[in-house]
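Engineer: I'd like to ask some things about the structure below.
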Amino acid sequence: MIQRLAIYPGSFDPVTKGHLDIVVRTSKLANHVIVAIGKAHDKRLLFSLEERVALLTSEIEGLKLPSVSVAAYDGLLVDYARTVGASILVRGLRTIADFEREKTMSALNHALDPTLETIFLPASEDTRLISSSAVKELVRYGKTLGFVSDAVAQALFKKLEVG
Ligand code: PNS
């Protein structure tokens, strides 16, 4: 049997129900899925790497999927993928704007390592409005629209000192 290791990379600042939907669906396509948190130096992040890992780990444990694990990486994603022996990168797409950005990202990653393929999964109908940035904006006004779990919502309210 071909062993397929997929990486689902992201900033996960913080993890949302949209991310979890992609994780569950990816777990049906690969033998193992590493949900990998990039340190993402170029972004202004709300949560530290340690906090993002802790929130994501707890959410993934809640899914009870033995073939899914959490990790963090620094540097290039393709280098991390080579280190762990992954052949597939997975990214979720909500909009055409996502597609334009992700197409470029996948081409760059493919140029860096032609053995890696990126698979795009369309956001499911009930998660297509969810993004970490939308959640952060909503929480500043005391709302979450159910985009994140209660635990993540609490972490957001605490971090943003809302409520
Ligand atoms: O959730 P995000 O913020 O869209 O995730 C972006 C992430 C972390 C997956 C991406 O920025 C990344 O992998 N950064 C590491 C550096 C890298 O490999 N960049 C791509 C080629 S330039």
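Engineer: Just to verify a result, which residue in the range 109-134, among those that are surrounded by fewer than 12 Cβ atoms within 10 Å (Cβ to Cβ) and under 15 Å from residue 76 (Cβ atoms), is nearest to the ligand (Cβ to nearest atom)?
Structural biologist: Ranking the qualifying residues of the range 109-134, first place goes to 111.
Engineer: State the number of residues belonging to the range 60-78 that are more than 16 Å from the ligand (Cβ to nearest atom) and either surrounded by 15 or more Cβ atoms within 10 Å (Cβ to Cβ) or not polar (S, T, N, Q) (or both).
Structural biologist: Our first condition is that a residue be more than 16 Å from the ligand (Cβ to nearest atom); within the range 60-78, this holds for 61-69.
If we keep only those that are either surrounded by 15 or more Cβ atoms within 10 Å (Cβ to Cβ) or not polar (S, T, N, Q) (or both) too, we end up with 61-66, 68.
Going through the range 60-78 one residue at a time, the tally reaches 7.
Engineer: From the set of residues in the range 30-44 that are outside any loop (DSSP other than H, G, I, E, B) and either touching a helix residue (DSSP H, G or I) at 6+ places or on another chain (Cβ under 8 Å) or closer than 11 Å to residue 10 by Cα (or both), which is nearest to the ligand (Cβ to nearest atom)? Write out each step before concluding.
Structural biologist: Residues of the range 30-44 that are outside any loop (DSSP other than H, G, I, E, B), as a first pass: 32-38.
Those left that are additionally either touching a helix residue (DSSP H, G or I) at 6+ places or on another chain (Cβ under 8 Å) or closer than 11 Å to residue 10 by Cα (or both): 33-38.
Working: 33: 15, 34: 12, 35: 11, 36: 8, 37: 8, 38: 3 Å.
That would be 38.
Engineer: Looking at the range 145-163, which of the residues that are assigned to a loop (DSSP other than H, G, I, E, B) and surrounded by 19 or more Cβ atoms within 10 Å (Cβ to Cβ) is farthest from the ligand (Cβ to nearest atom)? Reasoning before the result, please.
Structural biologist: We begin by selecting, within the range 145-163, every residue assigned to a loop (DSSP other than H, G, I, E, B); these are 145-149, 160-163.
Restricting the remaining residues to those that are surrounded by 19 or more Cβ atoms within 10 Å (Cβ to Cβ) gives 147-149.
Details: 147: 15, 148: 15, 149: 18 Å.
If we take residues in the range 145-163 being assigned to a loop (DSSP other than H, G, I, E, B) and surrounded by 19 or more Cβ atoms within 10 Å (Cβ to Cβ), then 149 is farthest from the ligand (Cβ to nearest atom).
Just so you know, all these numbers are worked out from the coordinates, no wet-lab data involved. Just so it is clear, the model here is predicted, and its values are computed rather than measured. Counting neighbours? That spans all protein chains shown, and the Cβs are built from the backbone with ideal geometry, glycine included.
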